[in-house]
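I have placed the structure first, in the form of structure tokens, so that the comments after it can refer back to it.
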Amino acid sequence: MSDSNNMTLNLKIWRQSTTKDKGQIVDYILEGVSPDMSFLEMIDMLNEQLVAKNDDPIAFDHDCREGICGMCSMMINGQAHGPEKATTTCQLHMRSFKDGDTIVIEPWRARAFPVLKDLMVDRSAFDRIIEAGGFVNVNTGNAGDANEILIPKEAADLAMDAAACIGCGACVASCKNASAMLFVSAKISQLALLPQGEVEADQRALSMVEKMDELGFGNCTNEAECEASCPKDISISNIARMNRGFLKAAITSKTK
Amino acid sequence: MSSSTQSISHNYFLSSVVKKQIMAVTGLLLCGFLLGHLAGNTLIIISPDAFNQYGHALVSNKPLLYTAEAGLIVLFLVHLTMAAKLTVENNTARPEKYYIKQKTGRGSTFASSTMPYTGMIILIFLVTHLINFKYGTVYMTTINGVEMRDLYKTVMEFFAQPIGAAWYAFAMVAMAIHVSHGFWSAFHSIGIFHNRYTPLLRKAGIAYAILVGAGFASLALYGYIQGVQA
């Protein structure tokens, strides 16, 4: 499999054995990296070498490797999911790098996302936010006839765009304030824009924002680094929608 | 929604969203004050008497003066304390920093990433500004038989010093940078987004920033040049 295009890389990877461990950057030199490999395959290759030497392989999250599950989560050279726009780490290929490059790989960093091991973080804070109201709870009855509920094309498009969020956490990781507002606003928007979800939109916005604050995420400063690093191109216009929806709900809230 | 979420005692007005909206509303009102302040200050260029008479008219109407001053103090204090609270919260949201962090180049701007710093410069400026002018040297003059403060002389004396004019101009550049992000950002925090109008709002924010920044700074430059010529 030797190829003249193959690269030698200097990797600086965050190693941390447990949540309580202090952790540190460890240097590795990896030879024979094909430009056609995905970023995760490159780490697989390094891990095979570590295992062969009886070293502890680098722990990292991954699942579908097709860019749709939202599991892969790494800061690559200081950017969430690496340098390419609208690309998950698994869809990032080594052709984006050059022979001799130094690549720094770190886990997401946020108080609400504690490191479990190496590059793996606990993102269950996102699950707590969804549990707080990111669902439709009203009885929608049996499946009706197609197009029984009319939905404007524009609303359907916006809801679909918001629903493209895979919950990877890159927005939190890239935000200088570790704010989760892009994630939360996408989850609020995808439901609030559609008739079935609109019914509970007020209470949903109040409950999900309250949970987000409670979990220790930061506040939005409208810098749009979240949108810029989002592998699914979720727009910060969702944050504006959440802001006005929340204000309306807070003013008109029927709960104490 | 589930009954458990309803039983929690809510304090929506201290939520992250509303805190940002308080920043937005106070910030926009302060933007309005800046425009009014700049409009009044341009009288310096028109004539010393016009400027002094304007100042005299403002301080002569005590109910208006005290109401305006109280309003401004409240706006500043709310904007400031909320900014401090948000900044502390944002710092604690990421206790462990990145080994390296690089911006995408597609989102954050110089203005957006320096808001706390430009805000601090404005705060320090505000204190020195009041000390230098409002509580500065008092000269008196008589215009049309009315004795009033010669604020023009106080201001021009200050601008005649290179360090005074330079500090004023520097602070105005910091303020322009601050409002160039703050202006459109405030609308976004309140919840205003439109595919066509939000980009225009961003441009309007930059135009507004240039207007007030260059406007105030040019007065300092005018005062300095006048001082050199005198």
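Determine the sum of side-chain charges near residue A:26: Lys and Arg each +1, Asp and Glu each -1, restricted to other residues whose C-beta is under 9 angstrom from that of residue A:26.
Around residue A:26, the surrounding residues sum to +1.
Based on the alpha carbons, how large is the Rg to Rh ratio for chain A when Rh follows Kirkwood?
1.05
Quick one: which of B:74-84, B:19-29, A:182-192 comes out on top by average Cβ neighbours within 10 Å, and what's the full order, highest first?
The peptides rank, most packed first, as A:182-192, B:19-29, B:74-84.
Looking at region B:20-125, which GluC sites (Glu not before Pro) are in a loop (DSSP not H, G, I, E or B) and have at most 16 other Cβ atoms within 10 Å?
Passing sites in region B:20-125 are B:96.
Under 13 Å from a point placed 7 Å out from the Cα of residue A:151 along the Cα-to-Cβ direction: which residues of region A:187-221 have their backbone N that close?
The answer is A:189-199.
Excluding residue A:7 itself, calculate the net charge of residues whose Cβ lies under 12 Å from the Cβ of residue A:7, where each Lys or Arg counts +1 and each Asp or Glu counts -1.
In short, -3.
Please tell me the relative contact order of region A:7-106 in percent, rounded to the nearest whole number, where contacts are Cα pairs under 8 Å and at least six residues apart.
This gives 35 percent for region A:7-106.
Rounded to the nearest 10 degrees, what's the angle between the helix A:39-52 long axis and the longest principal axis of chain A, both from Cα atoms, 0 to 90?
With both axes taken from Cα atoms, the answer is about 50 degrees.
So what's the gap between the Cα centers of region A:83-116 and region B:21-80, to the nearest angstrom?
50 Å
By how many degrees, 0 to 90 and rounded to 10, does the Cα axis of helix A:237-252 deviate from the longest principal axis of chain A?
For A:237-252 against chain A, the angle is about 40 degrees.
Taking N as the number of residues in the protein assembly as shown, what is its alpha-carbon radius of gyration divided by 2.2 N^0.38 Å?
Taking N as the residue count of the protein assembly as shown, the ratio is 1.20.
In region B:168-230, which trypsin sites (Lys or Arg not before Pro) are in a loop and have at most 14 other Cβ atoms within 10 Å, using DSSP for the loop call?
Passing sites in region B:168-230 are B:196.
Kindly provide the helix-only [θ] at 222 nm of the protein assembly as shown, computed as the sum of -39,500 (n - 2.57) over DSSP H runs of four or more divided by all residues, to the nearest 500 deg cm²/dmol?
Computed ellipticity for the protein assembly as shown at 222 nm equals -17000 deg cm²/dmol.
May I ask for the angle, rounded to the nearest 10°, between helix A:201-214 and the longest principal axis of chain A, with both axes built from Cα atoms and the value confined to 0 to 90°?
On a 0 to 90 degree scale, this one is about 40.
Taking the alpha-carbon distance from residue B:62 and a cut-off under 28 Å, which lysines remain once sequence neighbours fewer than 8 residues away in the same chain are dropped?
B:134, B:153
Considering amide H positions built from the backbone, and no H for Pro or chain starts, which residues 5 or more places from residue A:72, or on another chain, come under 5 Å of its amide H?
Amide H neighbours of residue A:72: A:63.
Among the trypsin sites (Lys or Arg not before Pro) within region A:16-65, which fall in a DSSP loop and have no more than 12 other Cβ atoms within 10 Å of their own Cβ?
A:20, A:22, A:53
On a straight-distance basis, which aspartates and glutamates could pair with residue A:187 in a cross-link, Cα separation under 17 angstrom, same-chain partners fewer than 8 positions away excluded?
Reachable aspartates and glutamates: A:127, A:131, A:157, A:161, A:198, A:200, A:202, A:210, A:213, A:227, A:233.
So if I place +1 on the C-beta of Lys and Arg and -1 on the C-beta of Asp and Glu, and nothing else carries charge, what would the dipole magnitude of the protein assembly as shown be about its Cα centre? I want it in debye, nearest 20.
Computed charge dipole of the protein assembly as shown: roughly 1540 debye.
None of the figures in this text is laboratory data; all of them are computed from the coordinates on show. The structure presented is a predicted model; accordingly, all values stated were derived computationally and were not measured. No Cβ is skipped: glycine too gets one built from the backbone with ideal geometry, and neighbour counts run over all protein chains shown.
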